[in-house]
Structure formats: C-alpha cells, structure tokens
Amino acid sequence: MSFTFVLGFAAAAVVLQLLRLVVNSWYHARKAQSLGCGSLPRYPCKDPFGIGTLRESMAADKEKRIPELSEQRVQLMADRENRFVTTFITRNLGNDIIFTIEPRNVQAVLATQFKDFELGGVRRLSMHPLLGTGIFTADGEEWSRSRSLLRPQFTRDQISQLDLEEGHVKKAMQCMPVADNGWTAETDIQSIFFRLTIDSATEFLFGESAESQLGVLNGREDPKDSFAYYFDKSQHTASVRTRFEKLAFLVDNKETRYSDKRVHDYVDKFVAIALRNAENPKHDLEKGPYVFLDALAATTRDPIELRSQLLNILLAGRDTTASLLSWTTLMLARHPHIFQKLRESIIETFGTYSNPKNLTFADLKSCQALQYCMNESLRLYPSSHLTVAAPRATLLFLPAAALTAHLPYTVHVIHRRKDIWGPDADEFKPERWANRKAGWEYVPFNGGPRICIGQQFALTEAGYVLVRLLQRFDKIEDVYPERKIRYGLTLTSCPADLVTVRMHQADDA
Ligand code: HEM
C-alpha cells in the first residue's frame, strides 16, 4: 500500500468526520429551533477548563453556602443577559454541564423523557466507594430490582405502625430534661433527631434498632467515634467526589478509606444477623411485619450486595427525615407566632402530651397546619438541594434546552423562584400552602418513576415527632437567633450549625 494512498485515506476520513459534525450540528440546530429550544448562554469562567468554577464551588463548600452559590450564579447570569435565565451552561473540569432551574426540564427528566436519562457515571463513581450498588447508584434493571424489593416495605400498614415511633420519641424526650423552672438547658436538638431517625430507620428496615439514643443516654457512645460521625464524613467525601467527576479518585486517601470502612463495619453487623436468620429454618418471613433486610437475604447471600443495598436505603431513611425535623424546628424557633399557631392546632387535634388522642397515620395526614409547616420547610430547605441527571444519548432535546451534557437541576433555587412563589419566596410562610397545589416547581421528593419511595413514611415520622414535641413544649427559643443560616451538605442538606434550642415544658405535659 503506497504512502500516498494511506495519506489520501486519512484525509478522506478527516473530511468525512468534519462533514458529519457539520451536518449533525445543522440538524440539531434545526430540530432545537423547531422545538423552541433556545441557544444556551454560558456562565463566565476565566479558564477554558472550568477550574475557576470548581474553585468557586470548593470555596462555597468551605463556607457552607453551596445552595446560595447556585442562587448567585442565577443572579449573575440574569445581570449579564439582561433577562431571567433559567438554563445555562457551566464548565467544570473540562466538561460542559447544563444547569437548570426550569420546572419543565425537571418534568422532562423525571417523567416525560424518563427513559432518555439515567443517574450517570459521575454519581456511580462518587458514591460507589461508600454505598456500593443499590437504589441510589443503580440504573436500569438493577434499579428496578432494588425498587421492587423495597416496595412492600412502604405499604400503608407498614408505615402506620406509630407505636414503634413512640418508643423512639420517648428516648429522644429523655435527652431533653427540664429544670425546676420548666426550661430545658441549651439542647442540640439536631443530633437528637439524627439519632432518632437512625434508630427508627434501622428498626423499620432491618428489624433491629441501632439504639444510638440509648448509647448516648448511657454514656456508651462517643459522638466523635460513632457510626453517625463516620457516615457524615464519608457522605461529605462522596459529595466532594461528585465535583471532581471522572477524577473522583483524587479525593480518596487513607482517612476517607478508614471512614468508609467504619461505616461498612457497622452495617456488616446487621448483614451478619440477616444471614444467620436466613440460614435458620425457624425464622419465618411470613410472620410479623415485612423487613426489607430479611426479604433481601432471601434473594441473595452475597454480603457485599446486602451491605450496599442497606447503606443505600439507610442514607435515604436517616438523613433526609432528620434534616426535615431540624430545619422545621429551627424555623419554628425563629418564628414564635407560627410555633404558637401550630401548637394550638396540634393540641386541638391530638390532645396534650400526657393525654394524647387521634395519633394515627390518617389524622397526621389530615392536619393541615402540620402539613403546611413541613411543606414550607421542604420548600425552603429541601434535603436534596441539587440532583444531577445524565442523558443516555449524546444529544437530547428538553422543553427548554438542547442537551449534550450532564444536567443538574437545583431544587433549592427552583423552590425560591420569585416569579413562581412571589416576592416573599425567601420567607418561611406555611400559610402560603392554603389552596395551593404544587406541580413540577415543588420537587422535594423528586417525581416520576424514581419519586422518593419513603415520602409517606418520612412525613408520618416527622409529623409524629413534631406533634409529640409541640404537645410537650409550649415555648421554644433559638439560642443563636442572629446566626446566619449555613448549609451542612453531605449528600443531603441540614443546618451546618447545629440547631441549639431551649424549650419550656407545658404544665399539662
Ligand atoms: C423528608 C424526608 C425525605 C426527603 C425530602 C426525601 C427526598 C428524596 C429525593 C429528593 C429522592 C431522589 C434522590 C435522587 O435520586 O437523587 C429520594 C429518593 C429516595 N428516597 Fe427519599 N426522601 C425522604 C425520606 C425517605 C425515607 C424515610 C426513605 C426510606 C426509609 C426514603 C427512601 C428513598 C429511596 C429508596 C429513594 C430512591 C428511589 C429511587 O431511586 O427509585 N426517603 N428521596
């Protein structure tokens, strides 16, 4: 084969490739135009690789104001473009990312074009060292399998078992003793909520409670050497890995690996119990409530798979609900008139602390004052402030964007859009929920086929805890009322500065 022939062949290949690119972009531009997809503006970055964007995110993470950075970026784009921009391109470590706060795009990703999207490699890479493969990291068949195993756990019968919750509430209440004047000391109520939700989630899902509240009450648990400590640390590492995308491995070191190991060791104890039960012919799965772990152990004996599935659901079940409780309590402590109004409603519907009535799943669901408060808290402070979807194909069209890249939709900013929620969008106003039916502009639980499977369980649990708290205490004070709110982001979002309150016990409690 002559040299000229090889050269000619190579040149033809290059020309063909260029032609393909030109035709493709012409075709895509026409299709985008016919679907009304505008061309997207670019977020300014001084360097071509988007290292500046990553630096911005890392600095905001350090200052615990990542959700505010998203708001600032939207504002900066509005100022540059002289219009409100809801979808734009940012560059991060050499990759284009399409950032959106457009509910129509969220609806397309989660529902109408669900099949065109997946969680994507970035999520898998960043979370795998901690979570392995489970419902939060899997797509396709693997996801479908995890979801069907979980479904029976969340039937109405299962989530209505409020006597289990009462046991956890009682232990939490022991961590809030009152002095002779009826007031508690300064109380870090956020940590109490995190222990409560891990205890109830482990009991609900694994059939056995972690009893971390008792551990602290008895002085057995060292908060700096506990499962909760390492779980938070490992989640934070996973969220940093997300920002490094394909270079996520750069984030790992001896310390992060140790933390992940401590988390795994903790969950492996439950796995060992489940495996023992599965071998025991007397352990009857049909008897008693559905326990996810037992059902799982009946389908696989692989300890790594069992651990991964458990960790995935534990992440979902513990942090999100504890965050909702923490944010709501902080808001109530900062808005005494809303606290009093909610308390009046609670006492009227559910009686006093020592003489409760109607505390059922249905009654909790129909207490509007309570539901409005939780809705408002989840609007302003969604546990999952940002979610990333990845297109399966190289180019997709969404109602408001032609898409080639990863698409983070920023729930935090969508929930605060003034054109949707009004000029008071940044304020905590539960009454805004009267007569309001939310659509794709309110997605604290996601939507579509991957909608949060634990939504009803979470709202029942959080509602129950709030009712019992407000029955017992008739006043609540934020110990640091002037403190600027900061965001503690791991894979979920909770107040960065622990919620520290003083509470006054009602005379009839
Ligand atoms: C207030 C509390 C909660 C909030 C705000 C919440 C929110 C969410 C959100 C936003 C997602 C989508 C996450 C993503 O894909 O990035 C999700 C998924 C999920 N949630 Fe929740 N969640 C809460 C409580 C719970 C609880 C208590 C459980 C279980 C015990 C649970 C189980 C799940 C599961 C299994 C998924 C994955 C669903 C799937 O991909 O098919 N969640 N949740």
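Need the list of lysines near Lys46 for cross-linking: C-alpha distance under 25 angstrom, and skip anything on the same chain fewer than eight residues off.
Lys62, Lys64, Lys246
With the other protein chains left in place, how much accessible area per residue, in square angstrom, belongs to the chain at a 1.4 angstrom probe?
Values: 23890 Å² over 509 residues.
About 47 Å² of surface per residue is accessible.
Relative contact order of the chain: what whole-number percent is it, with Cα pairs under 8 angstrom and at least 6 residues apart? Could the numbers behind the result be given before it?
Values: 721 pairs, mean separation 122.9, N = 509.
Result for the chain is 24 percent.
For a quick protection proxy, order the peptides 131-141, 148-158, 314-324 by their average other-Cβ count within 10 Å, most packed first.
Ranked from most to least packed, the peptides come out as 314-324, 131-141, 148-158.
Check Phe473: other-chain or 5+ apart residues with amide H under 5 Å from its amide H, H built from backbone geometry?
Distant-sequence amide H within range of Phe473: Ala506.
For the chain, which whole-number percentage of the solvent-accessible area (1.4 Å probe, protein heavy atoms only) is attributable to carbon and sulfur atoms?
55
So if I restrict to the alpha-carbon atoms in the chain, what is the Rg, and what is Dmax, the biggest pairwise distance, in Å?
24.9, 99
Order of 185-194, 363-372 by packing, highest average Cβ count within 10 Å first?
Details: 185-194: 20.0, 363-372: 17.9.
My ranking of the peptides, most packed first, is 185-194, 363-372.
In nm, to one decimal, how far is the Ala425 label point from the Glu186 one, both placed 7 Å along Cα→Cβ?
In this crude label model, Ala425 to Glu186 measures out at 3.6 nm.
Below 9 angstrom from the Cβ of Thr90, what's the summed charge of the other residues (Lys, Arg +1; Asp, Glu -1)? It would help to have the intermediate numbers written out before the result.
On the way: positive: Arg42, Arg73, Arg91; negative: Asp96.
Local net charge: +2.
For segment 452-509 and segment 52-123, write down the distance between their C-alpha centroids in whole Å.
Each part reduced to its Cα centre gives a spacing of 29 Å.
How would you rank 7-18, 42-53, 258-269, highest first, on the average number of other Cβ atoms within 10 Å across their residues? Let's see the in-between values first.
Values: 7-18: 10.2, 42-53: 14.7, 258-269: 17.0.
Top to bottom by mean Cβ count within 10 Å: 258-269, 42-53, 7-18.
Take Asp163 and Arg42, extend 7 Å from each Cα along the Cα→Cβ direction, and tell me the distance between the two endpoints in nm.
The modelled label-to-label distance comes out at 6.5 nm.
Put a dot 7 Å past each Cα toward the Cβ at Ile51 and Leu250; how far apart are the dots in nm?
In this crude label model, Leu250 to Ile51 measures out at 0.9 nm.
If the chain between Glu63 and Glu279 were fully stretched, how many nm would it gain, using 0.36 nm times the residue separation less the Cα-Cα distance?
On the way: separation 216, 0.36 × 216 = 77.76 nm, distance 5.00 nm.
Result for the pair: 72.8 nm of gain on full extension.
What is the magnitude of the charge dipole of the chain about its Cα centre, with +1 placed on the Cβ of each Lys and Arg, -1 on the Cβ of each Asp and Glu, and no other charges, expressed in debye to the nearest 20? It would help to have the intermediate numbers written out before the result.
On the way: 63 positive and 61 negative charges, 348 e Å.
That gives the chain a dipole magnitude of about 1680 debye.
The values are calculated or read from the model by the stated rules, or taken from the named source; none is laboratory data. Since the model is a prediction, treat every value here as computed from it, not as a measurement. All Cβ positions, glycine included, derive from the backbone under ideal geometry; neighbour counts span all protein chains shown. Note: areas computed on protein heavy atoms with side chains; ligands, DNA, RNA excluded. Shrake-Rupley method; radii C 1.70, N 1.55, O 1.52, S 1.80 Å.
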